[in-house]
Amino acid sequence: MRRPAWLALSLALAACSQPIAEQQERRSNETLSTIHRRRSVRSFTGAPVERSQLEQIVRAGMAAPSAINKQPWAFVVVTDRAQLDALNAGLPSAKMLEKAGAAIVVCALPGEAARQSRDFAVIDTSAASQNILLAVESLGLGAVWTAAFPDEERMRIVRQTLGIPEEVLPLNVIPIGHPTGAEKPKDKYRADRIHWDRW
């Protein structure tokens, strides 16, 4: 017996939607898995990082939200060994650059931020930095956020080493490389920091 057209269409749509729903659930789980796997990696093998991977990572940084979609950021991707060594020599908190395959310096552009605000620029570039850290993890690499901002001396060193203009804020230097496996993810969940409906 032939099925009515409406029933055949309903069955076909149901069959198509099932895999889509499963794919969406799997993607969601992959995202959460990457978030919970992420750790601050300070021990690298010294192997280089591929340019195509660095481009993917920066693209992920640029996908971050920003106030009024101003995107007040710029990125200096450092792969030159001499430049990495110069940053390593000048920044006491970035000694892991010695074995990193690359680094990304995330820069805030206050003049291009909402209301031309330094605060908005820093907030927006912080969101971009987190995207970078998650993208690194998703590619099987490791990274760590080392702060330049708000320390004036560290920002001066980064600006001087990389030729960054004075009006640009180097927010951080993110060493990136192949992890040795020394660092493990930490469970940072704290129920006492959650307030439901009101404080």
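A short reminder: the numbers here are calculations on the coordinates, not readings from a lab. All of these numbers come straight from a predicted model, not from anything done at the bench. Cβ sites come from the backbone with ideal geometry, for glycine too, and all protein chains shown count toward neighbours.
Model label sites at Arg198 and Arg81, defined 7 Å from Cα along the beta-carbon direction, differ in position by 6.3 nm. GNM remark for the chain: springs join alpha carbons under 10 Å apart, and the peak mean-square fluctuation among Gly142, Gly101, Gly111 falls on Gly111. Relative to the longest principal axis of the Cα atoms of the chain, the long axis of helix 51-62 lies at roughly 80 degrees.
Helix 5-37 and the long axis of the chain differ in direction by around 30°, with both axes built from C-alpha atoms. When the P(r) of the range 54-154 is calculated, the portion above 15 Å amounts to 62% of the C-alpha pairs.
Its Cα gyration tensor gives the chain an equivalent ellipsoid; the semi-axes, largest first and in whole Å, are 39, 22, 18.
Between the alpha-carbon centers of the range 27-101 and the range 172-199, tell me the distance in whole angstrom. Centre-to-centre (Cα) distance: 16 Å. Summarising the label geometry, the points placed 7 Å from Cα in the beta-carbon direction at Thr45 and Arg190 lie 3.6 nm from one another. Each of the GluC sites (Glu not before Pro) that DSSP puts in a loop and that has at most 11 other Cβ atoms within 10 Å breaks the chain; the longest unbroken stretch is 1-165. Result for the chain in a Gaussian network model with C-alpha springs under 10 Å: among Lys188, Lys70, Lys95, the largest mean-square fluctuation is at Lys188.
Ranked by how many other Cβ atoms sit within 10 Å of their own Cβ, fewest first, the residues His178, His36, His195 fall in the order His195, His36, His178.
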